[in-house]
1. Give me a count of the residues in the range 1-27 that are more than 35 Å from the chain's Cα centre (by Cα) and not in a loop (DSSP other than H, G, I, E, B).
2. Just give me the residues in the range 104-125 being surrounded by 20 or more Cβ atoms within 10 Å (Cβ to Cβ) and in a loop (DSSP other than H, G, I, E, B), in sequence order.
3. Which condition from (1) in contact with a strand residue (DSSP E or B) (Cβ under 8 Å, 6 or more places away or on another chain); (2) free of Cβ contacts under 8 Å to residues at least 24 places away in the same chain; (3) surrounded by fewer than 19 Cβ atoms within 10 Å (Cβ to Cβ); (4) not assigned by TED's automatic domain parsing to the domain that holds residue 48 is the one that residue 139 breaks?
4. Suppose the filter is touching a residue at least 40 places away in the same chain (Cβ under 8 Å), under 29 Å from residue 172 (Cα atoms) and surrounded by 15 or more Cβ atoms within 10 Å (Cβ to Cβ); does residue 211 pass it?
5. How do the pairs read when you match residues in the range 30-44 that are exposed (fewer than 15 other Cβ atoms within 10 Å of the Cβ) with residues anywhere that are part of a strand (DSSP E or B), using Cβ under 6 Å and keeping only pairs 6 or more apart or on different chains?
6. Any residue at all in the range 178-191 that is buried (at least 20 other Cβ atoms within 10 Å of the Cβ) and under 20 Å from residue 237 (Cβ atoms)?
7. Take residue 265 and decide whether it is touching a helix residue (DSSP H, G or I) at 6+ places or on another chain (Cβ under 7 Å) and surrounded by fewer than 17 Cβ atoms within 10 Å (Cβ to Cβ).
8. Please verify whether residue 434 is surrounded by 15 or more Cβ atoms within 10 Å (Cβ to Cβ) and in contact with a strand residue (DSSP E or B) (Cβ under 6 Å, 6 or more places away or on another chain), treating the condition exactly as stated.
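The values are calculated or read from the model by the stated rules, or taken from the named source; none is laboratory data. Everything numeric in this text was worked out from a predicted model, so none of it was measured. Cβ sites come from the backbone with ideal geometry, for glycine too, and all protein chains shown count toward neighbours.
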C-alpha cells in the first residue's frame, strides 16, 4: 500500500519538476519547493514524506491543507504565503513547526496557533486579522512576529505573552496606543509601530531593551525621550509633534535618529558619542548648534527643507561625513564656504535637481546595458558585449532576491546599481552583494552615486534585514575605492578569483 502511495506521489512531484528522477524513496526528500505552481490542493498522501524539514507552498491558490501534514514530525519550516486561506487550517495545530510564513492571504482566523508551543518565527502580515487576543499560548517561544498590514486595534493581550520575542512588527494597523503590557517583552530588540494611529505611549515602553524602534507616521504630539538604554535606532518621521523633550541618560549608544516632517524647531542634544546618522528634513530648524562637533562618527546629516541660514564652522571638522543634505535652506555665503571646505561632492547643494531614484523596470533595461558598457570599459576583468549585458540585466531583473535601482533625469537612465541576495556561511544569514554602480560621466559629482548607494544599502539592511552588504571594486579604480571608503565600506583581505567556460 505504501509503495503505491509513494509511486503516485512521486509521479505528481516529477510532473511538477520539483524532485530529481534519481529519488526513489520518500525519505530522501528533506526540502520541497512547490511554490508558484497554481496549486488548488495537495495530494492527501503528502504526509508520507516523513523526513521533510522544509515545505514551501507559497504563491499558489490553496484554501486548505490535507490532514496527513500532521504526520510530518520533522517539518520545521512551513511557507504558505500568497495563497487563498481565509482560515488557518486546523491541521497546523497538530504540527511541531518552528517557522510559519502565512503572509498575503485573507486570514481572519488563526486560532490553531494558540495550540502550538514550538513556533519561533511567525509572519501573518498582509491579512485581515482584527482580534488576536488568544494568538499564542502562555508557554510560547516566539522570537519573531510580523503582523504588519492587518486591522488590529489592540495588542495588550498579545504582548503580555511575548516574553521571548526579539522582533515585533505591527506596522500598518489601527493601533491607538502602546500598552503597559509591553513590559513583558524583556528580550525585544526590534520594534516597528509605524503607520498606525498611536497617540499614547505607556511609560513601560521606555524601560524596554530595544535596539531599534520605528514610530513613524502615527499621531504623536508630545513625547519625552528617556530610558531605552540599549537603543541604537529611533525613527519618529511624519508625526505631528508639538513638543519633544529629552532627558539625561536617554539612549547613550544611539546611532541613528530620524524626525522627518515633524515640524520641530529644536536640534536635540543627544549625549551619545556613537551617532552616525541624523535626519531632520522638512522641519523648522533655524540653526545647527555647535555641539554637533561632538558627533565625530557622523556619516549622514539630512537637514533638507528647514530654515537654516548659518552653518557652524565645526561642521567642516566632521571627517567621517559621507552625505549632507542641505537643499531648501536659505544659507548665507559663509555657510556655502563651509560646504566648499567639506567635500563638495557629498553635499546635495551641488547635486543636480529632479533626479529620481527608482526601482528598475523592463523598459529601463536597454539603457542599463549601455551603462554597463561604460563600467566594463573601466574594469579590466570584464568585456563589453551589449547583447550579453542586455541578457544579464533582463535575467537579474526577473530573478527573485535581486534589487535593481536606476537614477533618472526625466526618462533618461543616468545611473544604476544592482544587488543580489546571497547566503553567507560566515554570517550565518542572508547578505546583499552590491554590484554595477555606474553614473554617466556628465552626471558625476552631483551626488547621484551617493544616493544610489545609500538607497540600496537602506533596502538591504533596513527593509530586507540582511546581515551585511558587500561589494567588489577594481583595485586600479582609485576614485571608486575612495568613494566606497568614504561611505563606510572597509577593505577586506579577500581576493576574488573567477573562471569562465
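1. 15
2. The answer is 105, 107, 110, 116, 119, 124, 125.
3. Just one mismatch for residue 139, condition (1).
4. Values: touching a residue at least 40 places away in the same chain (Cβ under 8 Å): no; under 29 Å from residue 172 (Cα atoms): yes; surrounded by 15 or more Cβ atoms within 10 Å (Cβ to Cβ): yes.
So residue 211 does not fit the description; no.
5. That search, which allows pairs on different chains as well, returns 31/54.
6. Taking every residue of the range 178-191 in turn, at least one turns out to be buried (at least 20 other Cβ atoms within 10 Å of the Cβ) and under 20 Å from residue 237 (Cβ atoms).
7. Working: touching a helix residue (DSSP H, G or I) at 6+ places or on another chain (Cβ under 7 Å): no; surrounded by fewer than 17 Cβ atoms within 10 Å (Cβ to Cβ): yes.
Criteria not met by residue 265.
8. Details: surrounded by 15 or more Cβ atoms within 10 Å (Cβ to Cβ): yes; in contact with a strand residue (DSSP E or B) (Cβ under 6 Å, 6 or more places away or on another chain): yes.
Taking the combined requirement at face value, the residue satisfies it.
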